[in-house]
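Q: Here it is, the structure in full.
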Amino acid sequence: MKTIKLFFITTILFAISANSQITKGNWMVGGSGSFKSTTSETIKTGSKDKYTYLEISPNIGYFFIDKMAAGIKTSFYYNPYEGAYNIGFGIGPYLKYYFLKPEKLVNVFIQGNYLYYENNNNSDGVGYDKFSSYSYGVKAGPVIYFNDSIALELALEYLSDNRNKTLIDNTFLMTIGFQIHLIK
């Protein structure tokens, strides 16, 4: 019990002195994870299907001006359904903006991104169907700084995926992630 109290007191003391590194010239590495449930619509037939995904998205970014970073985001996902599965890898640019001053312990961000995916679908349990897709996304939410370098991000995200112009996914999801801000 004393260890838990000591942990919380130490965390609070570090948080009181936290000063985020969202200024020009700093780097940021981290990522987020999400569990999402989505509805897909086939454009020609209008049929709709529901799917669930587990996704991990590492990223690296550079603050080219104060409070704004640009970088590369990757994404790995796994989608099980009805005895089969779909896996994929995506990569693309992102732009992230923080609204509050760097001295704040809690900040708010918005991020826009584009990802290009290579996908493998094992729908029949025998072989893979390969296809490409792309995704546009916007997410926003609070950032909580534990110290000068480590931040926890909570966000709501909207994604629009287009698979070979035959299937469109529109998804709302919650993500959780960590960012490590590297001091110059």
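Q: So GLU41 clears everything in (1) in a strand (DSSP E or B); (2) open to solvent by less than 70 Å² (accessible area, probe 1.4 Å); (3) modelled with pLDDT under 95; (4) not hydroxyl-bearing (Ser, Thr, Tyr) except one condition, right? Which one?
A: That leaves (2) as the condition not met.
Q: Hey, another quick one. Evaluate the range 96-116: report whether one residue or more is farther than 20 Å from PHE63 by Cβ, touching a Leu at 6+ places or on another chain (Cβ under 7 Å) and in a strand (DSSP E or B).
A: For the range 96-116, residues farther than 20 Å from PHE63 by Cβ, touching a Leu at 6+ places or on another chain (Cβ under 7 Å) and in a strand (DSSP E or B): absent.
Q: Something else: Looking at ASN59, ASN79, ASN86, can you tell me which residue is part of a strand (DSSP E or B) and modelled with pLDDT of 95 or more? Spell out the reasoning first.
A: On the way: ASN79 fails: modelled with pLDDT of 95 or more; ASN86 fails: modelled with pLDDT of 95 or more.
Exactly one residue qualifies, and that residue is ASN59.
Q: Does THR166 satisfy the condition of being among the β-branched types (Val, Ile, Thr) and open to solvent by less than 20 Å² (accessible area, probe 1.4 Å)?
A: On the way: among the β-branched types (Val, Ile, Thr): yes; open to solvent by less than 20 Å² (accessible area, probe 1.4 Å): no.
So THR166 does not fit the description; no.
Q: A further question on this structure: Go through the range 114-161 and report how many residues are out of contact with any strand residue (DSSP E or B) (no Cβ under 8 Å at 6 or more places or on another chain) and either open to solvent by 40 Å² or more (accessible area, probe 1.4 Å) or at pLDDT 95 or above (or both). Spell out how you get there, then give the answer.
A: In the first step, residues of the range 114-161 are kept if they are out of contact with any strand residue (DSSP E or B) (no Cβ under 8 Å at 6 or more places or on another chain); the result is 126-127, 147.
From what's left, either open to solvent by 40 Å² or more (accessible area, probe 1.4 Å) or at pLDDT 95 or above (or both): 126, 147.
Within the range 114-161, residues that are out of contact with any strand residue (DSSP E or B) (no Cβ under 8 Å at 6 or more places or on another chain) and either open to solvent by 40 Å² or more (accessible area, probe 1.4 Å) or at pLDDT 95 or above (or both) number 2.
Q: Any idea how many residues of the range 1-38 are of a type outside the set (A, V, I, L, M, F, W, C) and at pLDDT 85 or above? Show your work before the answer.
A: Narrowing the range 1-38 to residues of a type outside the set (A, V, I, L, M, F, W, C): 2-3, 5, 10-11, 17, 19-21, 23-26, 30-34, 36-38.
From the residues that got through so far, the ones that are at pLDDT 85 or above too are 23-26, 30-34.
Residues in the range 1-38 being of a type outside the set (A, V, I, L, M, F, W, C) and at pLDDT 85 or above: 9 in total.
Q: So, in the range 71-113, exactly how many residues are open to solvent by 20 Å² or more (accessible area, probe 1.4 Å) and either hydrophobic (A, V, I, L, M, F, W, C) or over 19 Å from ASP161 (Cβ atoms) (or both)?
A: 19
Q: Any residue in the range 150-163 that's assigned to a strand (DSSP E or B): show its pairings with residues that are of a type in the set (Lys, Arg) and surrounded by fewer than 20 Cβ atoms within 10 Å (Cβ to Cβ) at Cβ separation under 9 Å, as long as the two are six or more apart or on different chains.
A: Close Cβ pairs satisfying both conditions: GLU157/LYS36; LEU159/LYS36.
Q: Return yes when ILE65 is open to solvent by less than 80 Å² (accessible area, probe 1.4 Å), out of contact with any strand residue (DSSP E or B) (no Cβ under 7 Å at 6 or more places or on another chain) and either modelled with pLDDT under 80 or under 30 Å from ASN107 (Cβ atoms) (or both) and no when it is not.
A: Details: open to solvent by less than 80 Å² (accessible area, probe 1.4 Å): yes; out of contact with any strand residue (DSSP E or B) (no Cβ under 7 Å at 6 or more places or on another chain): yes; either modelled with pLDDT under 80 or under 30 Å from ASN107 (Cβ atoms) (or both): yes.
Answer is yes for this residue.
The values are calculated or read from the model by the stated rules, or taken from the named source; none is laboratory data. Here the structure is a predicted model, which is why all the values come from computation and not from measurement. Virtual Cβ from ideal backbone geometry, glycine too; neighbours counted across all protein chains shown. Protein only, heavy atoms only, side chains kept; ligands, DNA and RNA dropped before computing areas. Shrake-Rupley method; radii C 1.70, N 1.55, O 1.52, S 1.80 Å.
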